[in-house]
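S.K.: Input: one structure, supplied below.
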Amino acid sequence: MVRAVDAAETAPTSYAWAIHAEELKVRAGRRMAVDGLDLRMGTGVHGLLGPNGAGKTTFMRAVATVLRPAGGRLTLLGETVNGRFDLRGLRRQIGYLPQEFGFYRRFTVREFVEYIAWLKEMPSRDVPGAVQRAIDRVRLTDRADDRMRTLSGGMVRRAGIAQALVNDPTVLLLDEPTAGLDPDQRLVFRALLRELAVDTCVVVATHLVEDVAAACTDVVLVDAGRLVFQGLPADLAAAGADVGATGADLAADSPAERGYSIILRRHRERIGAQP
Amino acid sequence: MKHDQVPAELLERYAAGDPGINPDELWAVEAHLEGCASCRERLGAAVQRQSPATTALLARVGDRLAAEIAISTTMPRRRRGQVLGRSRWLLPPGLLARLAMTVLLVLAALSLDLVDQQGRGEYPSLVLLFAPVAPLLGVAAVWSRRLDPAYEFVMASPRAGLYLVLRRTLLALMVVIPALAAAGWAVGASPARWLLPCLAFTAGALALGEVVGLSRAAIGLAAAWVIGVVGPSMLTATSPVLLAPGALPAWAALTAVVAIVLALRRDAYTGLRSGH
């Protein structure tokens, strides 16, 4: 008998965290970009914040299983990644938008998303519908059959988000997804994130603190490859609210941005005082 | 279960939302409806008879959807000549450029050969000499960060691995080998002499490439062939022993060994081990 929902979809998960990093070390070139990161992420939208070079992109690439951990343990959906070579089953459940990505310029948007769906080994019966749905979700319906080279920067970014969504991933990794999006599209994107937060572990690496404050259920702050802070967006704002207590003279606009700066500075002072 | 039908009386009660239906019966009805189109059709008719509230709700949803569809952007008509599923057969642009270059080089070797044959005809055929390493230019671009713009996507995908590499290599060979065969036919270099060496070099580049990077492996093998075989035979103006018919069993054995090595390393090119 044909069932609309198969048993695998309703089966309870056998893991506590979708992404679990213990003392994770990942190399980017010669530098150890992620250096002893301890992190747990479950269902929801996690905003990954940090200054340039904090190891955000390297962490994302490690979780996308593109980079191999140099030390520690990385467990994705209950499966340990280190030393495993057969990652196909795991990779089918991951959606990944790299920070910088190339595409074949003569592809149309639909062909681009279709190609990624094929790379993700989706059954060819499901591909056309899934591709259309992904394109609709990022509001590129009217440009679906235009070639990639005719799109603006923001539209290319949205096509990138569409390809990450196409396989309905359990773990969705978006590296700088809002770069180049206009304010209206950013609102659409935040709504999409809230929708995804229900059943997906979304990790959004970004510089924009206000994106995190508006759409994320969880904030993770990293610096120099280590975890600095993990908590609710409200906690970040609260840290910024008692600005008088710390005597900070920060010119940041929102409490969340102030909180980000204060937490980062306190962390660096603490690290600086240790050795 | 296929020819079973939900009893009409039960279906009427189900449509009316009767709370008195046993949970097990309810479950069986719903499970059956999911898979049985004819019962779903009967349910539709039963709902219209039994539940005016549901019918009204459906009409309201229909109206609202129609209004939304009327103001939403419509998808443009599919481009003419666009084929669904074409994308999976498209190759990275870097590879296409390399293949075009290979065909031009084969043509250049062919014209030099023809010039030589018009004259004294003392040199061995260049088409024959270069045929074994001709696919390497394209093979180097099959799996390359520099030449494939979508490399990061490919690397993170489940399909990354030997299957994808072989598929692209096969598509590249389907361009290079006919070009070589045509050129070889014009100068009398039969495929029997160069096809096996050609495959051996291609497989060898793939096997080595997994360790040192595909570009490096291709360049290394091509350089070794040019210095070790092409150079000497042009200087001495003799046909190389390695391309004589007697060497064919050795090439066949080499191709087989390399193919087995490739097949044993099925986790090759999955991204994690080969960080090139």
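S.K.: Filter the stretch A:235-251 down to residues that are within 22 Å of A:LYS56 (Cα to Cα) and surrounded by fewer than 20 Cβ atoms within 10 Å (Cβ to Cβ) and give me whichever is modelled with the lowest pLDDT.
M.R.: The selected residue is A:ALA237.
S.K.: Then there is this: Sort through B:LEU164, B:LEU171 and tell me the only one that's within 14 Å of another protein chain (Cβ to nearest Cβ) and of a type outside the set (Lys, Arg).
M.R.: Working: B:LEU171 fails: within 14 Å of another protein chain (Cβ to nearest Cβ).
After ruling out the rest, the residue left standing is B:LEU164.
S.K.: Checking B:ALA179 against (1) assigned to a helix (DSSP H, G or I); (2) within 14 Å of chain A (Cβ to nearest Cβ); (3) among the hydrophobic types (A, V, I, L, M, F, W, C), which single condition isn't satisfied?
M.R.: (2)
Yes/no per residue for (1) touching a Gly at 6+ places or on another chain (Cβ under 8 Å); (2) in the same structural domain as B:PHE201 (by TED's automatic domain parsing); (3) surrounded by fewer than 23 Cβ atoms within 10 Å (Cβ to Cβ):
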site	(1), (2), (3)
B:GLY119	no, yes, yes
B:LEU128	yes, yes, no
B:LEU137	no, yes, yes
B:SER144	yes, yes, yes
B:TYR151	yes, yes, yes
B:LEU162	no, yes, yes
B:ARG167	no, yes, yes
B:ILE177	no, yes, yes
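S.K.: Answer yes if at least one residue in the stretch A:38-54 is within 14 Å of chain B (Cβ to nearest Cβ) and either at pLDDT 90 or above or in contact with a strand residue (DSSP E or B) (Cβ under 6 Å, 6 or more places away or on another chain) (or both), and no otherwise. Before you say what the answer is, go through the steps one by one.
M.R.: As a first pass, look at the stretch A:38-54 and keep what is within 14 Å of chain B (Cβ to nearest Cβ): none.
No, the stretch A:38-54 contains no residue that is within 14 Å of chain B (Cβ to nearest Cβ) and either at pLDDT 90 or above or in contact with a strand residue (DSSP E or B) (Cβ under 6 Å, 6 or more places away or on another chain) (or both).
S.K.: Next question, about the same structure. Within the stretch A:85-164, considering only helices (runs of 4 or more DSSP H) that don't extend past its boundaries, which have at least 2 residues that are surrounded by 17 or more Cβ atoms within 10 Å (Cβ to Cβ) and out of contact with any Asp or Glu (no Cβ under 7 Å at 6 or more places or on another chain)?
M.R.: On the way: elements: A:88-91, A:109-119, A:127-137.
Fully inside the stretch A:85-164 and qualifying: A:109-119, A:127-137.
S.K.: Looking at the stretch B:30-54, which of the residues that are touching a helix residue (DSSP H, G or I) at 6+ places or on another chain (Cβ under 7 Å) and among the small types (Gly, Ala, Ser) is nearest to the other protein chains (Cβ to nearest Cβ)? Lay out the reasoning, then the answer.
M.R.: The first filter runs over the stretch B:30-54 and keeps only residues touching a helix residue (DSSP H, G or I) at 6+ places or on another chain (Cβ under 7 Å), leaving B:32-33, B:39-40, B:42-43, B:46-48, B:50-51, B:54.
So of that shortlist, the ones also among the small types (Gly, Ala, Ser) come out as B:46, B:51.
Working: B:ALA46: 20, B:SER51: 22 Å.
Across the stretch B:30-54, the extreme among qualifying residues is B:ALA46.
S.K.: Then there's this: Looking at A:VAL203, is it outside any helix (DSSP H, G or I), at pLDDT 90 or above and closer than 19 Å to A:ALA179 by Cα?
M.R.: Values: outside any helix (DSSP H, G or I): yes; at pLDDT 90 or above: yes; closer than 19 Å to A:ALA179 by Cα: yes.
For A:VAL203, the condition - outside any helix (DSSP H, G or I), at pLDDT 90 or above and closer than 19 Å to A:ALA179 by Cα - is met.
S.K.: In addition: What tally of residues in the stretch A:34-65 results from selecting those that are of a type in the set (A, V, I, L, M) and assigned to a helix (DSSP H, G or I)? Walk me through how you get there before you give the answer.
M.R.: Restricting attention to the stretch A:34-65, the residues satisfying the condition of being of a type in the set (A, V, I, L, M) are A:34, A:37, A:39, A:41, A:45, A:48-49, A:54, A:60, A:62-64.
Subsequent filtering for residues that are assigned to a helix (DSSP H, G or I) retains A:60, A:62-63.
Qualifying residue count, the stretch A:34-65: 3.
To keep it simple, each residue is scored yes or no on (1) away from chain B (no Cβ under 12 Å); (2) in contact with a Phe, Trp or Tyr (Cβ under 8 Å, 6 or more places away or on another chain); (3) closer than 20 Å to B:PRO149 by Cβ.
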position: A:PHE107; (1), (2), (3): no, yes, yes
position: A:THR141; (1), (2), (3): no, no, no
position: A:ALA179; (1), (2), (3): yes, no, yes
position: A:ASP184; (1), (2), (3): yes, no, no
position: A:ALA197; (1), (2), (3): yes, no, no
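S.K.: A further question follows. Return only the number of the condition from (1) facing another protein chain (nearest Cβ under 8 Å); (2) under 30 Å from A:GLY53 (Cα atoms); (3) more than 21 Å from the chain's Cα centre (by Cα) that A:GLY102 does not satisfy.
M.R.: (3)
Quick grid of which residues meet (1) among the aromatic types (Phe, Trp, Tyr); (2) assigned to a helix (DSSP H, G or I):
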| site | (1), (2) |
| --- | --- |
| B:VAL103 | no, yes |
| B:ASP113 | no, yes |
| B:ARG145 | no, no |
| B:PRO149 | no, no |
| B:PHE153 | yes, yes |
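S.K.: Which residues, counting only those in the stretch B:4-63, are of a type outside the set (A, V, I, L, M) and in contact with a Ser or Thr (Cβ under 8 Å, 6 or more places away or on another chain)?
M.R.: Initially, the stretch B:4-63 is screened for residues of a type outside the set (A, V, I, L, M), giving B:4-5, B:7, B:9, B:12-14, B:17-20, B:22-25, B:27, B:30, B:32, B:34-36, B:38-42, B:44, B:48-52, B:54-55, B:60, B:62-63.
Scanning the stretch B:4-63 gives B:GLN5, B:GLY17, B:GLN48.
S.K.: What do you reckon, is A:ALA214 touching a Lys or Arg at 6+ places or on another chain (Cβ under 8 Å), hydrophobic (A, V, I, L, M, F, W, C), on the phi < 0 side of the Ramachandran plot and modelled with pLDDT under 90?
M.R.: Values: touching a Lys or Arg at 6+ places or on another chain (Cβ under 8 Å): yes; hydrophobic (A, V, I, L, M, F, W, C): yes; on the phi < 0 side of the Ramachandran plot: yes; modelled with pLDDT under 90: yes.
So A:ALA214 passes the test.
S.K.: Another question about this same structure. A:TYR104: modelled with pLDDT of 90 or more and within 20 Å of B:VAL154 (Cβ to Cβ), yes or no? Break it down into steps so the answer makes sense when it comes.
M.R.: On the way: modelled with pLDDT of 90 or more: no; within 20 Å of B:VAL154 (Cβ to Cβ): yes.
The answer is no for A:TYR104.
S.K.: Another question about this same structure. Look at A:PHE59 and say whether it is at the interface with chain B (Cβ under 8 Å from one of its Cβ atoms) and either in contact with a helix residue (DSSP H, G or I) (Cβ under 6 Å, 6 or more places away or on another chain) or in contact (Cβ under 8 Å) with a residue 40 or more places away in the chain (or both). First the steps, then the outcome.
M.R.: On the way: at the interface with chain B (Cβ under 8 Å from one of its Cβ atoms): no; either in contact with a helix residue (DSSP H, G or I) (Cβ under 6 Å, 6 or more places away or on another chain) or in contact (Cβ under 8 Å) with a residue 40 or more places away in the chain (or both): yes.
Taking the combined requirement at face value, the residue does not satisfy it.
S.K.: May I ask you to list the residues in the stretch B:130-155 that are away from every other protein chain (no Cβ under 14 Å) and among the β-branched types (Val, Ile, Thr)? Write out each step before concluding.
M.R.: Of the stretch B:130-155, the ones away from every other protein chain (no Cβ under 14 Å) are B:130-140, B:142.
B:VAL133, B:VAL139, B:VAL142, listed by residue number.
S.K.: Taking the stretch A:66-80 on its own, how many of its residues are farther than 19 Å from A:THR43 by Cα, part of a loop (DSSP other than H, G, I, E, B) and within 20 Å of the chain's Cα centre (by Cα)? Explain how you work it out, then say what you get.
M.R.: Restricting attention to the stretch A:66-80, the residues satisfying the condition of being farther than 19 Å from A:THR43 by Cα are A:66-73.
Add one more test, that the residue is part of a loop (DSSP other than H, G, I, E, B), and what stays is A:66-70.
Those left that are additionally within 20 Å of the chain's Cα centre (by Cα): A:66-69.
Residues meeting the conditions: 4.
S.K.: Which residues, taken from the stretch B:1-59, are among the charged types (D, E, K, R) and part of a helix (DSSP H, G or I)? Steps first, answer last, please.
M.R.: At the first step, the residues of the stretch B:1-59 found to be among the charged types (D, E, K, R) are B:2, B:4, B:9, B:12-13, B:18, B:24-25, B:30, B:34, B:40-42, B:49.
Once the filter is applied, which keeps residues that are among the charged types (D, E, K, R) and part of a helix (DSSP H, G or I), the stretch B:1-59 yields B:GLU9, B:GLU12, B:ARG13, B:ASP24, B:GLU25, B:GLU30, B:GLU34, B:ARG40, B:GLU41, B:ARG42, B:ARG49.
S.K.: Confirm whether A:THR217 is over 19 Å from A:GLN93 (Cα atoms) and under 11 Å from the mean Cα position of the chain (by Cα).
M.R.: On the way: over 19 Å from A:GLN93 (Cα atoms): yes; under 11 Å from the mean Cα position of the chain (by Cα): no.
So A:THR217 does not fit the description; no.
S.K.: On the basis of being more than 25 Å from A:ALA7 (Cβ to Cβ), in contact (Cβ under 8 Å) with a residue 12 or more places away in the chain, surrounded by 15 or more Cβ atoms within 10 Å (Cβ to Cβ) and in contact with a helix residue (DSSP H, G or I) (Cβ under 9 Å, 6 or more places away or on another chain), does B:LEU10 make the cut? If you could, list the steps in order and put the result at the bottom.
M.R.: On the way: more than 25 Å from A:ALA7 (Cβ to Cβ): yes; in contact (Cβ under 8 Å) with a residue 12 or more places away in the chain: yes; surrounded by 15 or more Cβ atoms within 10 Å (Cβ to Cβ): yes; in contact with a helix residue (DSSP H, G or I) (Cβ under 9 Å, 6 or more places away or on another chain): yes.
Against the criterion (more than 25 Å from A:ALA7 (Cβ to Cβ), in contact (Cβ under 8 Å) with a residue 12 or more places away in the chain, surrounded by 15 or more Cβ atoms within 10 Å (Cβ to Cβ) and in contact with a helix residue (DSSP H, G or I) (Cβ under 9 Å, 6 or more places away or on another chain)), B:LEU10 qualifies.
S.K.: Failed condition for B:ALA203, given (1) within 14 Å of chain A (Cβ to nearest Cβ); (2) surrounded by 18 or more Cβ atoms within 10 Å (Cβ to Cβ); (3) of a type in the set (A, V, I, L, M, F, W, C), with all others met?
M.R.: (1)
S.K.: In the stretch B:61-96, what count of residues is obtained for those that are part of a helix (DSSP H, G or I) and either at the interface with another protein chain (Cβ under 9 Å from one of its Cβ atoms) or modelled with pLDDT of 90 or more (or both)?
M.R.: Just the residues of the stretch B:61-96 that are part of a helix (DSSP H, G or I), to begin with: B:61-71, B:86-89, B:93-96.
In the following step, the residues that additionally are either at the interface with another protein chain (Cβ under 9 Å from one of its Cβ atoms) or modelled with pLDDT of 90 or more (or both) were identified as B:61-67, B:86-88, B:93.
Count: 11.
The values are calculated or read from the model by the stated rules, or taken from the named source; none is laboratory data. All figures in this text were calculated on a predicted structure; none of them were measured in a lab. Note: ideal-geometry Cβ built from the backbone for every residue, glycine included; neighbour counts use all protein chains shown.
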